[in-house]
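Chemist: My questions will all concern the structure given below.
The values are calculated or read from the model by the stated rules, or taken from the named source; none is laboratory data. This is a predicted model, so every value here is computed, not measured. Cβ: placed from backbone, ideal geometry, glycine included. Neighbour counts: every protein chain shown. Accessible surface areas use protein heavy atoms only, side chains included; no ligands, DNA or RNA. Shrake-Rupley method; radii C 1.70, N 1.55, O 1.52, S 1.80 Å.
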Amino acid sequence: MYQSKIIGTGFYVPDNIVTNDDLSKIMDTNDAWIQERTGIKERRWIKDGSGETTATMAAEASKNALKNANISKDDIDFIILATLSPDYYFPGGGVQIQDMLDMPTIGALDIRNQCSGFIYAMSVADQFIKTGMYKNILVIGSEYHSGGIDKTTRGRGISVLFGDGAGAVVVSRSDDDSGILSTHLHSEGKFADKLIMEGPSTKDWVPNIIARNNPDEETYFPHMDGQLVFKNAVVRFSEAINEGLEANNLTKEQIDMLVPHQANLRISQFIQKKFRLNDDQVFNNIMKYGNTTAASIPIALAEAVAQNKIKKGDLVVLAAFGSGFTWGSVIMRW
Ligand code: UT7
């Protein structure tokens, strides 16, 4: 069995900054409410007509990760894209990355696990490297939320939270004892409807929605039971981190850097307090980007690396919770 490790990170966010004050001009919300409940100050939203999409952002983030890894696109054996907002219902977006980056005709896999998508994608990449099937895998999280959220007061409970962006890593066969120690994945489908976008779907095809022609139709906007999600998130985040530590006979005192999914700064702070970590041991950037779902961990990881907050030998923990419900963790020796 081989071990896998991240050899390069990169991210891309659209230029267009949308502040909380900008939002208060289009819906009944305000900077104080958003910052107090979520920590978010601003987010990036793709500008209408810019032509940017989940796939184009993913391609840009990937280019940055390849550069950072000092590896050629031709060395990549496999692509894994985690997203809940692919450009098309089908095909998935992984194939677009293959084409946009002019890569060889390698396999491309899409992962649909929402906020936990990047954790699931890392786990899949790790298994492929471990078995020796592939040597270099491009793992991406990319999301274009702003085009599909309800930007009116009706949708304010969701729309102020989400941002657009992409992050990517190159996962490769490790040539030393650093790398992924273990990954842990979970789901609990009985809560599927607590954070969901119901339509369009094969249960309710687009022609049905059009036929109803109901101006109050909400099924094609995301819906969330925020408080239930919050309560489950703090429990499951903790469980996933503890599970990873226990699996490797490690203690929370040994964590050098926790990069949690950026769902809400209050969730990150709760976890930080619970695990008695100081500010240097938890990386947050939700203040600048909002919740970018599958992209949030790779964006945060890329920023933490760029800011030299992670050094060789560090114990790095990634953890996420989100729609599904799904949750999980990755434990790595950097
Ligand atoms: O990444 C996926 C996982 N997602 C999460 O982990 C999110 C978890 N949940 C949360 O972070 C929080 O539940 C939210 C930040 C989404 C909401 O915070 P909350 O404290 O649970 O607020 P709430 O939904 O209970 O709403 C409280 C009040 C309501 O008004 P009333 O009924 O008390 O008069 C809402 O209508 O705040 C109102 N409200 C807003 N006010 C201003 C809801 N959204 C807004 C808004 N601006 N954007």
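Chemist: Quick test for you: out of VAL18, VAL13, pick the one residue that is over 16 Å from the mean Cα position of the chain (by Cα), of a type in the set (Val, Ile, Thr) and surrounded by 15 or more Cβ atoms within 10 Å (Cβ to Cβ). Explain how you work it out, then say what you get.
Modeler: Numbers: VAL13 fails: over 16 Å from the mean Cα position of the chain (by Cα).
The unique qualifying residue is VAL18.
Chemist: Restricting attention to the range 147-173, which residues are open to solvent by 20 Å² or more (accessible area, probe 1.4 Å) and away from the ligand (no atom under 16 Å from the Cβ)?
Modeler: Passing the criteria: GLY147, ARG173.
Chemist: I would also like to ask the following. Among the residues of the range 178-188, is there at least one that is of a type outside the set (Gly, Ala, Ser) and within 15 Å of the ligand (Cβ to nearest atom)? Walk me through how you get there before you give the answer.
Modeler: To start, the set of residues in the range 178-188 that are of a type outside the set (Gly, Ala, Ser) comprises 180-181, 183-186, 188.
Keeping just the survivors that are within 15 Å of the ligand (Cβ to nearest atom) gives 186, 188.
Checking the range 178-188: at least one residue is of a type outside the set (Gly, Ala, Ser) and within 15 Å of the ligand (Cβ to nearest atom).
Chemist: Here's a follow-up. Pairs under 7 Å by beta carbon, first residue more than 22 Å from ALA240 (Cβ to Cβ) in the range 156-185, partner assigned to a strand (DSSP E or B) and at pLDDT below 95, six or more apart or different chains?
Modeler: Here the result reads none, with nothing in the range 156-185 linked to a residue that is assigned to a strand (DSSP E or B) and at pLDDT below 95.
Chemist: Only one of (1) assigned to a loop (DSSP other than H, G, I, E, B); (2) over 21 Å from the mean Cα position of the chain (by Cα); (3) away from the ligand (no atom under 14 Å from the Cβ); (4) on the phi < 0 side of the Ramachandran plot fails for THR29. Which number is that?
Modeler: Failing condition for THR29: (3).
Chemist: Here's something else I'd like to know. If you check GLU217, GLU198, GLU188, GLU246, which single one turns out to be surrounded by fewer than 17 Cβ atoms within 10 Å (Cβ to Cβ) and in contact with a Phe, Trp or Tyr (Cβ under 6 Å, 6 or more places away or on another chain)?
Modeler: Numbers: GLU217 fails: in contact with a Phe, Trp or Tyr (Cβ under 6 Å, 6 or more places away or on another chain); GLU198 fails: in contact with a Phe, Trp or Tyr (Cβ under 6 Å, 6 or more places away or on another chain); GLU246 fails: in contact with a Phe, Trp or Tyr (Cβ under 6 Å, 6 or more places away or on another chain).
Being surrounded by fewer than 17 Cβ atoms within 10 Å (Cβ to Cβ) and in contact with a Phe, Trp or Tyr (Cβ under 6 Å, 6 or more places away or on another chain) holds for just one of GLU217, GLU198, GLU188, GLU246, which is GLU188.
Chemist: Testing TYR89 on (1) hydroxyl-bearing (Ser, Thr, Tyr); (2) over 17 Å from HIS261 (Cβ atoms); (3) assigned to a helix (DSSP H, G or I), one condition comes back false. Which one is that?
Modeler: Of the numbered conditions (1) hydroxyl-bearing (Ser, Thr, Tyr); (2) over 17 Å from HIS261 (Cβ atoms); (3) assigned to a helix (DSSP H, G or I), the odd one out for TYR89 is (3).
Chemist: Related question: May I ask you to say which residue of TRP327, TRP334 is in contact (Cβ under 8 Å) with a residue 40 or more places away in the chain, closer than 30 Å to ARG173 by Cα and in contact with a helix residue (DSSP H, G or I) (Cβ under 8 Å, 6 or more places away or on another chain)? Break it down into steps so the answer makes sense when it comes.
Modeler: Working: TRP334 fails: in contact with a helix residue (DSSP H, G or I) (Cβ under 8 Å, 6 or more places away or on another chain).
After ruling out the rest, the residue left standing is TRP327.
Chemist: Condition first: buried (at least 24 other Cβ atoms within 10 Å of the Cβ) and more than 15 Å from THR53 (Cα to Cα). Now tell me which residues in the range 69-113 satisfy that.
Modeler: Hits for the range 69-113 are ILE76, ILE79, ILE80, ILE111, ASN113.
Chemist: Something else about it: Can you go through GLU42, GLU60 and tell me which one is within 15 Å of the ligand (Cβ to nearest atom), within 20 Å of ALA300 (Cβ to Cβ) and out of contact with any Cys (no Cβ under 8 Å at 6 or more places or on another chain)?
Modeler: The match here is GLU42.
Chemist: Could you tell me whether SER116 is surrounded by 22 or more Cβ atoms within 10 Å (Cβ to Cβ), assigned by TED's automatic domain parsing to the domain that holds THR9 and of a type in the set (Ser, Thr, Tyr)? First the steps, then the outcome.
Modeler: Working: surrounded by 22 or more Cβ atoms within 10 Å (Cβ to Cβ): yes; assigned by TED's automatic domain parsing to the domain that holds THR9: yes; of a type in the set (Ser, Thr, Tyr): yes.
Here the answer is yes, as SER116 does meet what is asked.
Chemist: Select, from LYS63, LYS25, the only residue that is at pLDDT 95 or above, open to solvent by 50 Å² or more (accessible area, probe 1.4 Å) and over 26 Å from GLN98 (Cβ atoms). Quick ask: steps written out before the conclusion?
Modeler: Details: LYS63 fails: over 26 Å from GLN98 (Cβ atoms).
Only one candidate passes the filter, namely LYS25.
Chemist: Please find, within the range 307-318, the residue that is surrounded by the most Cβ atoms within 10 Å (Cβ to Cβ) out of those that are in contact (Cβ under 8 Å) with a residue 60 or more places away in the chain and out of contact with any Gly (no Cβ under 7 Å at 6 or more places or on another chain). Outline the logic, then answer.
Modeler: Initially, the range 307-318 is screened for residues in contact (Cβ under 8 Å) with a residue 60 or more places away in the chain, giving 312-313, 315-318.
Imposing the further condition that a residue be out of contact with any Gly (no Cβ under 7 Å at 6 or more places or on another chain) reduces the set to 312-313, 315-316, 318.
Numbers: LYS312: 8, GLY313: 10, LEU315: 18, VAL316: 22, LEU318: 26.
That would be LEU318.
Chemist: Checking ILE7 against (1) open to solvent by 20 Å² or more (accessible area, probe 1.4 Å); (2) over 20 Å from VAL259 (Cα atoms): exactly one of these is not met. Which one?
Modeler: Failing condition for ILE7: (2).
Chemist: Continuing with this model, one more query. Would you pick out the residues in the range 174-183 that are open to solvent by 20 Å² or more (accessible area, probe 1.4 Å) and not in a loop (DSSP other than H, G, I, E, B)?
Modeler: LEU181, THR183
Chemist: Which of (1) of a type in the set (Ser, Thr, Tyr); (2) within 25 Å of ALA69 (Cα to Cα); (3) within 16 Å of the ligand (Cβ to nearest atom) does TYR12 not meet, given it meets every other one?
Modeler: (3)
Chemist: Taking into account only those residues within the range 94-126 that are in a strand (DSSP E or B) and not acidic (Asp, Glu), which is nearest to the ligand (Cβ to nearest atom)? Walk me through it before giving the result.
Modeler: To start, the set of residues in the range 94-126 that are in a strand (DSSP E or B) comprises 107-111.
From the residues that got through so far, the ones that are not acidic (Asp, Glu) too are 107-109, 111.
On the way: GLY107: 28, ALA108: 25, LEU109: 22, ILE111: 16 Å.
Among those that are in a strand (DSSP E or B) and not acidic (Asp, Glu), it is ILE111.
Chemist: Given the conditions (1) part of a loop (DSSP other than H, G, I, E, B); (2) among the hydrophobic types (A, V, I, L, M, F, W, C); (3) free of Cβ contacts under 8 Å to residues at least 60 places away in the same chain, report the number of the one that ILE209 does not fulfil.
Modeler: So ILE209 meets the others, but not (1).
Chemist: Looking at the range 128-140, is at least one residue in a loop (DSSP other than H, G, I, E, B) and either within 11 Å of the ligand (Cβ to nearest atom) or crowded, with 17+ Cβ neighbours inside 10 Å (or both)?
Modeler: Yes, the range 128-140 has at least one match.
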